[in-house]
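Okay, structure first, notes after.
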Amino acid sequence: MTHATYQDVSSEGEQPLPPTVAVLLAAGKSTRMRSRLPKSLHPLCGLPVTAHVVRACREAGVERVIVVVGHEAERVRSGLIEAIPDGHLLEFAHQERPLGTGDAVRAAQSLLASWPHTVLVLAGDTPLLRPQTLRQLVETRVRTHVPAVMLTMELQNPTGYGRILRDEKGRVIGVVEERDATPEQRRCCECNSSIYAFDGSRLWEALAQLRPNNAQGEYYLTDVIGWFVQQGAPVETVALEDPKEALGINTRVELAQVAALLRARLLEDLMLSGVTVVDPMSTWIDVDVTVGQDSVIHPNTLLLRGTQVGEECVLGPFARIEGCRLGNRVQVYASWLLDSVLEDDVRVGPYAQVRPNSHLGAGVRIGNFVELKNATLGPRVQASHLSYLGDVEIGEGTNIGAGTITCNYDGYQKHRTRIGSRAFIGSHSTLVAPVEVGEGAFVAAGSVITANVPADALAIARSYQTVKEGWAADYRQRKANKGEQKNASK
């Protein structure tokens, strides 16, 4: 089974990461998002933005993750805890006032004052970071014994980023924010990604030296780099091969751009492992989605929120599948599936809807304009078109005719319908729950069933047909005569 998720580097035989804690900065107001929802919680490929950063830390082997919150702190806290499987293990620090990145890191000091190992500092809005990059940053700091390692990147257009300052020998001597930089410094293309690995035993001393001597009147974390250099302590850098990995999100435009990059990464992983994606540009996929080998995903298909797809499946075009588990050789055409299970060789669609808590046994056929809700269908059940099957249990091999409805709601509560194996429900039948149809029973087309039907019985519940010979011809003649009389009176 192929996972559309980040690669877990710890499973490839690498040594465990040295003891590390990560501090994620997520306290800002995010005013440029123009949203009532905090930026940290904006959805991105199945997870909130900051949850992707937490996930990268976890998969890199980071021991502890602390999220610094401020604006709408409780909402961010509860949103992240709910979104991450081990969210209860997250730690939170609170920045009382937005006084800059240095002040935000100091908010975590009470939790980390005695931590002697590496402290990773990351922006909470960089969801493209890979676990491998974080491992390299930490391992570089431990190997070199320096107080700080910076993740840097070369940008053709560095507008908006802090610039790395180096001396004539190429040694880092500081970082200058763009708004504080001279014209010559702004021409530098080596930029700060705002991602660092610090020596925890020296970080707090450096933070205590910060002063708000800048255009914004804030405590810049970047000033820590210059202070270390002034103390004669070298600072190392790790250069990103792909600067996109450190892209941050400040606007909804950037959110969409990052989402496209993340989807492309996930789809590339699937294709390289044996899944056919006919049109990656129109295919959407969330993290934690799994797809089996030799499955085919057609255009305009969405695989969302933990969906698991077996091997040799055919999905789409125009399929939306969320929170579902699909067996092998399942086919879904232009249909919507939510929180349900489809066993092997099931076929759904086109234009069907499978609503939550439905379970389709092996070989089930669900055709066009069929809706299921809280429905359990045994193997080889067929409902080929135009039916509503809600709160129902249907036994193996039963056929449901077109237009069948299970009337599950009496205006106050829901009731179940039970249909046995190898039964036949004729077209345009209405089953008023609670009601049971026994094994092998037949329900005549057009019947309204309000009482149980025994096994192997035939139920007919409709009025007798009356035929009046010649009535239609007489009716048309009467209409014609009335028309002639009306014209004559004019």
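For beta carbons closer than 6 Å, sequence separation of 6+ or different chains, a first residue in the stretch 274-296 that is over 17 Å from G327 (Cα atoms) and a second that is open to solvent by less than 40 Å² (accessible area, probe 1.4 Å) and assigned to a loop (DSSP other than H, G, I, E, B), the qualifying pairs are V277/T283; V278/P299; D279/P299; S282/P299; T283/T301; D286/C45; V287/T5; V287/C45.
Considering the conditions (1) closer than 20 Å to Q95 by Cβ; (2) crowded, with 23+ Cβ neighbours inside 10 Å; (3) not β-branched (V, I, T), S193 is excluded by exactly one of them, (1).
Would you please name the residue that is least open to solvent (accessible area, probe 1.4 Å), looking only at residues in the stretch 178-190 that are farther than 19 Å from Y219 by Cα and assigned to a helix (DSSP H, G or I)?
Only one residue tops the list, namely Q185.
A count restricted to the stretch 443-490 and to residues that are within 47 Å of the chain's Cα centre (by Cα) and exposed (fewer than 12 other Cβ atoms within 10 Å of the Cβ) stands at 1.
Could you tell me how many of the residues in the stretch 98-117 are among the small types (G, A, S), in contact (Cβ under 8 Å) with a residue 40 or more places away in the chain and open to solvent by 20 Å² or more (accessible area, probe 1.4 Å)? Result for the stretch 98-117: 2. When the stretch 73-97 is filtered for residues that are open to solvent by 70 Å² or more (accessible area, probe 1.4 Å) and touching a Pro at 6+ places or on another chain (Cβ under 8 Å), only R75 remains.
Of the strands (runs of 3 or more DSSP E) entirely within the stretch 82-177, those holding at least 1 residues that are farther than 15 Å from Y196 by Cα occupy 91-94, 148-154, 163-166, 172-176.
Taken over the stretch 275-329, the residue count meeting the criterion of being in a loop (DSSP other than H, G, I, E, B), open to solvent by 20 Å² or more (accessible area, probe 1.4 Å) and more than 26 Å from Q257 (Cα to Cα) is 6.
Of everything in the stretch 21-51, what is of a type in the set (S, T, N, Q) and on the phi < 0 side of the Ramachandran plot? Give them in sequence order.
The answer is T31, S35, S40, T50.
Within the stretch 406-435, which residues are among the polar types (S, T, N, Q), open to solvent by less than 50 Å² (accessible area, probe 1.4 Å) and free of Cβ contacts under 8 Å to residues at least 40 places away in the same chain? T406, N408, T417, S429, T430 - these are the residues of the stretch 406-435 that are among the polar types (S, T, N, Q), open to solvent by less than 50 Å² (accessible area, probe 1.4 Å) and free of Cβ contacts under 8 Å to residues at least 40 places away in the same chain. The numbered conditions (1) open to solvent by 40 Å² or more (accessible area, probe 1.4 Å); (2) under 25 Å from E14 (Cβ atoms) are all true for L120 except (1). For the stretch 378-412, the set of residues classified as outside any strand (DSSP E or B) and either in contact with a strand residue (DSSP E or B) (Cβ under 7 Å, 6 or more places away or on another chain) or modelled with pLDDT under 95 (or both) consists of G378, V381, G395, T398, G401, A402, G403, T404, N408, D410, G411, Y412, listed by residue number. Within the stretch 224-267, the residues that satisfy the criterion of being farther than 23 Å from V287 by Cα, in contact (Cβ under 8 Å) with a residue 40 or more places away in the chain and not in a loop (DSSP other than H, G, I, E, B) are V224, I225, G226, F228, V229, V235, E236, T237, V238, A239.
Quick check on K479: is it assigned to a loop (DSSP other than H, G, I, E, B) and among the basic types (K, R)? The answer is no for K479. If you go through the stretch 58-70 and pick out every residue that is in contact with a Lys or Arg (Cβ under 8 Å, 6 or more places away or on another chain) and farther than 20 Å from Q109 by Cβ, you end up with 2. Restricting to the stretch 346-362, what's the tally of residues that are buried (at least 19 other Cβ atoms within 10 Å of the Cβ) and either touching a residue at least 24 places away in the same chain (Cβ under 8 Å) or not basic (K, R) (or both)? So the count comes out to 9. Within the set A206, A233, the sole residue that is buried (at least 19 other Cβ atoms within 10 Å of the Cβ) and of a type in the set (A, V, I, L, M, F, W, C) turns out to be A206.
Residues checked against (1) modelled with pLDDT under 95; (2) out of contact with any helix residue (DSSP H, G or I) (no Cβ under 7 Å at 6 or more places or on another chain); (3) not aliphatic (A, V, I, L, M):
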site: R252; (1), (2), (3): no, no, yes
site: A259; (1), (2), (3): no, yes, no
site: V278; (1), (2), (3): no, yes, no
site: T290; (1), (2), (3): no, yes, yes
site: L315; (1), (2), (3): no, yes, no
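The values are calculated or read from the model by the stated rules, or taken from the named source; none is laboratory data. Since we're looking at a predicted model, the values are computed, not measured. We place every Cβ from the backbone using ideal geometry, glycine too, and count neighbours over all the protein chains shown. Please note that ligands, DNA and RNA were not included when accessible areas were found on the heavy atoms of the full protein model with its side chains. Shrake-Rupley method; radii C 1.70, N 1.55, O 1.52, S 1.80 Å.
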